[in-house]
Amino acid sequence: MSIATPAVQPIQPAAPQDADFEVVRSWKAPIALSIFTVLSFLLLVVFGRTGISTFRLSTTSDLIQLPEVELPTQLTGIVISVLLLLITVISAWLVRSRARVPIWLIAVFAVLVLIGFLSWAAADKTIPVPGLLFGAISLAVPLIFGALGGVISERVGVVNIAIEGQLLAGAFTSALVASLTNQPLLGLVAAMFAGVLVSMVLASFSIKYFVDQVIVGVVLNVLVIGLTGFLYSQVMAPNAATLNQPPRFERINIPLLSEIPIIGPVLFRQTLIVYIMYVAVAVVYYGIFHTKWGLRLRSVGEHPQAADTVGINVARTRFWNVSLAGAIVGLGGAYFTLGSVGAFGKEMTAGAGFIALAAVIFGRWDPIRATLAALLFGFASNLQNVLSIIGSPVPSEFMLMLPYLVTIFAVAGFVGTSRGPAASGKPYIKS
Amino acid sequence: MSATQGHPTEAVTKTRPPEQSRWDRAFREITTGNAIISVLAVVLALLVGAVMIAFTNKDVQAASGYFFSRPTDLLGAIWNAVAGAYSALFQGSVYNFRRPSFAAGIKPLTETLTFATPLIMAGLGVALGFRVGMFNIGGRGQMLIAAALGGWVGFAVDLPYGLHMVAALVAGILGGALWGGIVGLLKARTGAHEVITTIMLNYVAFYLVSYLLRDGFLKTPGSNNPKSPATQATAVFPDLLGPTYSLHFGFILAIVATIFTWWLLSRSNLGFQFRAVGLNPHAARVAGISVKRIYVYAMLLSGGLIGLAGINQVLGTTTSGFGAGLDSGIGFDAITVALLGRSKPWGVFAAGILFGAFKAGGFSMQAAEGVPIDIVLVVQSLIVLFIAAPPLVRAIFRLPAAGTTRRALPNVTQEVAAK
């Protein structure tokens, strides 16, 4: 890492380094991998546990029943440590010979670390794999919607710190409207409207009045927390029976697909909001990178002046796309009340918007990568839930800390200098 | 704002000498100045708050049912609801007229200053980050680590009076600086975005301190309650106005911290480099400033100031021991304080006192009138929003635009101009 910078700087001091044109060797990946290898070796072998770790792969309602996988804990630990060492050596050799470390190698490494850790934690116990993954998706749904909204908003050039506020506004309105009308679908629509409303404030203040976007975002979060909290205590809580008992979405089993082993119960026995999420991820990805709309959106976010020159209305593009982002985040807010919890509670989003923001940056402003990052956060939180149920040898606080520590390592080790859309956060003042 | 809008005003008044009367000019200076915007922003925010209070009040709702037969009832109910809430807010934060003596009546003001103390300290930390172009959302984590280290010195180490307090104070500041410094180091060495790392470190600190309180060196022996032992009397901040008032030595520290930050930013060599990096890191690098080193220094200082807020809570405000919820939202409130204070030390000081007043008054408003304290959040955020957008406030009150009589200047706030 220290080698990389001076070599590039004399040529072009102002330009951030782009990974695609990197000719110098970056030792970040091997260093990070070797740290993880040493940690895994310590945990799996030095402090290894004995016994049999069981992984249950099927739920009782599956058509195709897979047998439970039983791994001897100690042997698994040793084998995995050797494999991890191997991958680290390969990556170091690749970097030495000036090649890039492929992303699939890092993914294999991560999966191996995960299997090793799971089998270590589950010595003489059983891990329900479908339950683990199902919960991970549930926890990740609002994060993914939030991250998609964040990606659209930042790609068009408006920093969206207000994801938290949009989620909370969506959760509140969907609970209110769905309780009043007894229609979860109407609640969903109302949540989108609430998200759009918050977004429009963000957009008009940052586009029309040129207020710093970070300021508006932070302040909007506080405003929505205050508004929903006030209305909850004053109006909703005293009349909870009529105003805060929304009907929840039913789970829909998709025929055939839901019977695929492992994947079926995890992905295709979900509620409507989750299916909307799958579609949203695909549509946003395709839209941003393969349509005229996406090209315009990205051009406004990267170089508004150039976009203006070819006749794109920068202010209007930004306004409506930020509003669209708000609608998507609002859907994620509805998941809190109509999908998982059922009733609105004060500050029930509990920082999910900030995690979604982290997922946007972690995912380098790419819808697919941001979704994967959000899934990682969801998985890590649910891993803690599952391990605390089966009884984990680690204090629960450290398990809860793990996803955040992994993120810090990942951001420092693999992502590095993440570069957002060039004009993100900068207002465009037409001259 | 003052910089961008001040100059055109002067230029215009100079080039256009006699035809403007003195009164005209005075009127123009008042209506186009910054002070009037701030005042009007507060008025607007309070108005919105009043509407919310009135709409959700039960008496008002009852009276609106028969509005056409007795409209005065509705107006009276609205007046009662709004005036009751705001007078409770005032009496809870500045002066309580129902108390017999001045000494008892002024007590709410000292409460305000006590609430303002950590907000000022943490606000200065966030503002320092803003001036270097970094967004420190990690106030919560930095306060927790500061409280953990400083609090441990405060209850577990035996030292004479005075020295003990200083030792705990230093440990706390170092704790905050350490937690902030990690962020700066990661940004400088690997380019990791500080927004991610500060958010993540908030959670790490929260769970770490939770563990330490439950099973680590912060645990109270013989108790299952996840709470630390009480701070020893030798380390507790002295009261400024005697034991009847809650105001403690921490407020003096807040003033000292403000003066220090002001000196640092506007008088010191390091502060000059801070501002240069904040305005344009590329230009600063060309000018020979080591941008990476500045990031580390800035986060160390920013974390240290926020750590001061954390240790202030342990040694001054709640000395009976702390839990993992110690920061009680101060880390995030500090961001709003820094924004309202426009990242200038004395602006942050004033904003901290205003928000402290809202906090102190909000509790008594909730107790006396049953208005949820969340309304304070709404009013606070609206104030910041309105102050950040002067053209909006001008449009609502139909004030003339700054500088000119006819033509409107482009509305560029300082935050924009800095980019």
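The values are calculated or read from the model by the stated rules, or taken from the named source; none is laboratory data. What you see is a predicted model, and the numbers here were worked out from it, not measured in a lab. Because the Cβ atoms are built from the backbone with ideal geometry, glycine has one as well, and the counts that use them run over all protein chains shown.
Looking only at residues in the range A:346-384 that are over 16 Å from A:I144 (Cβ atoms) and without any contact (Cβ under 8 Å) to a residue 60 or more places away in the chain, the one that is surrounded by the most Cβ atoms within 10 Å (Cβ to Cβ) is A:Q384. Taken as a whole, the range B:249-259 holds at least one residue that is surrounded by 17 or more Cβ atoms within 10 Å (Cβ to Cβ), hydroxyl-bearing (S, T, Y), touching a Phe, Trp or Tyr at 6+ places or on another chain (Cβ under 6 Å) and more than 14 Å from chain A (Cβ to nearest Cβ).
Of everything listed in (1) modelled with pLDDT of 90 or more; (2) not in a helix (DSSP H, G or I), the single unmet condition for A:M192 is (2). Is one or more of the residues making up the range A:399-406 away from chain B (no Cβ under 14 Å) and under 18 Å from the mean Cα position of the chain (by Cα)? No, the range A:399-406 has no match at all. Just to be sure before I move on: is A:V218 in a helix (DSSP H, G or I), closer than 21 Å to A:T337 by Cβ, at the interface with chain B (Cβ under 7 Å from one of its Cβ atoms) and at pLDDT below 90 in the structure I sent? So A:V218 fails the test. The sole residue among A:A410, A:A343, A:A422 that is farther than 20 Å from A:S199 by Cβ, small (G, A, S) and within 10 Å of another protein chain (Cβ to nearest Cβ) is A:A410.
I'd like to know if the range A:43-55 contains one or more residues that are modelled with pLDDT under 75 and either more than 30 Å from the chain's Cα centre (by Cα) or buried (at least 16 other Cβ atoms within 10 Å of the Cβ) (or both). I'd like the intermediate steps shown before the answer.
Within the range A:43-55, the subset modelled with pLDDT under 75 is A:48.
Still in the list and also either more than 30 Å from the chain's Cα centre (by Cα) or buried (at least 16 other Cβ atoms within 10 Å of the Cβ) (or both): A:48.
Looking for residues that are modelled with pLDDT under 75 and either more than 30 Å from the chain's Cα centre (by Cα) or buried (at least 16 other Cβ atoms within 10 Å of the Cβ) (or both), one finds at least one in the range A:43-55, hence yes.
When the range A:104-146 is filtered for residues that are surrounded by 21 or more Cβ atoms within 10 Å (Cβ to Cβ) and small (G, A, S), the ones remaining, listed by number, are A:G116, A:S119, A:A121, A:A122, A:A136, A:A140, A:G146.
Within the range B:317-329, identify whether any single residue is in contact (Cβ under 8 Å) with a residue 24 or more places away in the chain, part of a helix (DSSP H, G or I), crowded, with 24+ Cβ neighbours inside 10 Å and more than 14 Å from chain A (Cβ to nearest Cβ), and answer yes or no. Step through it out loud before you land on a result.
Within the range B:317-329, the subset in contact (Cβ under 8 Å) with a residue 24 or more places away in the chain is B:317, B:319-324, B:326-327.
Going one step further and asking which of them are part of a helix (DSSP H, G or I), we end up with B:317.
From what is left, the residues that are crowded, with 24+ Cβ neighbours inside 10 Å are none.
Looking through the range B:317-329, none of the residues is in contact (Cβ under 8 Å) with a residue 24 or more places away in the chain, part of a helix (DSSP H, G or I), crowded, with 24+ Cβ neighbours inside 10 Å and more than 14 Å from chain A (Cβ to nearest Cβ).
In the range B:283-297, what residues are part of a helix (DSSP H, G or I) and of a type in the set (A, V, I, L, M, F, W, C)? Passing the criteria: B:A283, B:A284, B:V286, B:V291, B:I294, B:V296. Determine whether A:S381 is small (G, A, S), more than 9 Å from chain B (Cβ to nearest Cβ) and farther than 30 Å from A:L272 by Cβ. Criteria not met by A:S381. Check the range A:93-103 and report whether any residue there is surrounded by fewer than 17 Cβ atoms within 10 Å (Cβ to Cβ) and either under 24 Å from the mean Cα position of the chain (by Cα) or under 30 Å from A:A203 (Cβ atoms) (or both). The answer is yes; a qualifying residue exists.
Could you pull out the residue among B:L354, B:L399, B:L382, B:L392 that is more than 10 Å from chain A (Cβ to nearest Cβ), under 18 Å from A:V219 (Cα atoms) and surrounded by fewer than 24 Cβ atoms within 10 Å (Cβ to Cβ)? Can you show your working first?
Details: B:L399 fails: under 18 Å from A:V219 (Cα atoms); B:L382 fails: more than 10 Å from chain A (Cβ to nearest Cβ); B:L392 fails: more than 10 Å from chain A (Cβ to nearest Cβ).
Exactly one of B:L354, B:L399, B:L382, B:L392 is more than 10 Å from chain A (Cβ to nearest Cβ), under 18 Å from A:V219 (Cα atoms) and surrounded by fewer than 24 Cβ atoms within 10 Å (Cβ to Cβ), namely B:L354.
Determine whether the range B:166-182 contains at least one residue that is part of a helix (DSSP H, G or I) and within 10 Å of another protein chain (Cβ to nearest Cβ). Yes; the residues of the range B:166-182 include at least one that is part of a helix (DSSP H, G or I) and within 10 Å of another protein chain (Cβ to nearest Cβ).
So, of the residues in the range A:221-239 that are among the small types (G, A, S) and at the interface with chain B (Cβ under 7 Å from one of its Cβ atoms), which turns out to be farthest from A:L197 (Cα to Cα)?
The initial filter retains those residues of the range A:221-239 that are among the small types (G, A, S), namely A:226, A:229, A:233, A:237.
This time we only want the ones that are at the interface with chain B (Cβ under 7 Å from one of its Cβ atoms), so: A:226, A:229, A:233.
On the way: A:G226: 16, A:G229: 17, A:S233: 22 Å.
Applying the filter and picking the extreme gives A:S233.
Condition first: at pLDDT 85 or above, under 22 Å from the mean Cα position of the chain (by Cα) and more than 14 Å from chain A (Cβ to nearest Cβ). Can you find one or more residues in the range B:193-212 that meet it? No.
No other residue among A:G157, A:G150, A:G187, A:G165 is within 14 Å of the chain's Cα centre (by Cα), touching a residue at least 40 places away in the same chain (Cβ under 8 Å) and surrounded by 21 or more Cβ atoms within 10 Å (Cβ to Cβ) apart from A:G150.
Return yes when B:A298 is within 14 Å of chain A (Cβ to nearest Cβ) and surrounded by 24 or more Cβ atoms within 10 Å (Cβ to Cβ) and no when it is not. When the stated conditions are applied, B:A298 does not pass them.
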